Amino acid sequence: MTAESKNQAIQLVVNGKTHRAVVAPQATLLELIRDHLGLTGTKEGCGKGQCGACTVLLDGKPVNSCLMLAVQAQGHQVVTIEGAEHEKELDPIQQAFIDEGAVQCGFCTPGLILSARALLDQHPHPDEDHIKEAISGHLCRCTGYSAIIRAIRRAASGGKS
Ligand code: FES
Ligand code: FES
């Protein structure tokens, strides 16, 4: 059997659009998203499940796409940061990150926004402990986290600081 014959055809929905791909058994979901689909808003940091930069939503839940195999996404719904906008309007969380100055280099931002989106979908009015727990898998080297927490609170309160 050749290496190519072990490749597997999968189908998944990314940002509302159905995609088909033929992937190697060891290919990660992150590689599929960035290299095959060209959605480079999802970042690769550590590649080991430790920084959260590669976070996407899988059926509404945050996952580290660097740890997940592409074949495991077969039949699932994936949302990347490119799918966070609605009809060219920023997600309120994106706007709140801008308003609170929670974006510096921006490398951590796509993953944080998606984890915050999953949190607010489950708990529209989270307390600070909920927020801290939701972002606990994300490393940010720039902001010190205070602005990020403020931004998520702001989005939860309808954009008011
Ligand atoms: S790149 Fe996936 S957790 Fe760091
Ligand atoms: S804004 Fe730079 S790592 Fe978070």
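A few points about this structure:
- Around V103: net Lys/Arg minus Asp/Glu count, Cβ-Cβ under 14 Å: +1
- Area accessible to solvent at H76, 1.4 Å probe radius, in Å²: 60 Å²
- The simple Förster model, with R0 at 25 Å and r as the Cβ-Cβ distance, assigns K88 and R20 a FRET efficiency of 0.40.
- Cross-link reach list, lysines versus K132, counting only Cα pairs under 30 Å and skipping chain neighbours closer than eight places: K43, K48, K61, K88, K160
- Degrees separating the helix 109-122 axis from the principal Cα axis of the chain, which is the longest one: 80 degrees
- The antiparallel fraction among DSSP beta bridges confined to the chain stands at about 90%.
- The fraction of Cα-Cα pairs per 10 angstrom bin, counted from 0 for the stretch 16-161, comes to 12, 44, 33, 11, 1 percent, rounded to whole percents.
- Mean-square fluctuations from a GNM of the chain, with a 10 angstrom spring cutoff on Cα atoms, peak among V56, V22, V14 at V22.
- In the context of the full set of protein chains, the chain has a per residue accessible area of 55 Å² (1.4 Å probe).
- For the chain, leaving out every one of the trypsin sites (Lys or Arg not before Pro) that falls in a DSSP loop and has at most 11 other Cβ atoms within 10 Å, the longest unbroken run is 89-140.
- If the segment from Q8 to I98 were pulled out straight at 0.36 nm per residue, it would be longer than the present Cα-Cα gap by 28.3 nm.
- Options L12, A156, G83, ranked by Cα towards positive dipole end of the chain, top entry (Cβ charges): L12
- Between the stretch 1-57 and the stretch 136-161, the alpha-carbon centres lie 28 Å apart.
- Fraction of accessible area attributable to carbon and sulfur, the chain (%, probe 1.4 Å): 48 percent
- Charge tally around S136: other residues with Cβ under 14 Å, Lys/Arg +1 each, Asp/Glu -1 each, net -2.
- Checking every one of the GluC sites (Glu not before Pro) in the stretch 59-106 against DSSP loop status and a limit of 11 other Cβ atoms within 10 Å picks out E87.
The values are calculated or read from the model by the stated rules, or taken from the named source; none is laboratory data. Keep in mind that what you see is a predicted model, and the values were worked out from it rather than measured. Glycine gets a Cβ as well: all are built from the backbone with ideal geometry, and neighbour counts include every protein chain shown. Ligands, DNA and RNA are stripped out before the accessible areas are found, and what is left, the full protein with its side chains, is counted by its heavy atoms. Shrake-Rupley method; radii C 1.70, N 1.55, O 1.52, S 1.80 Å.
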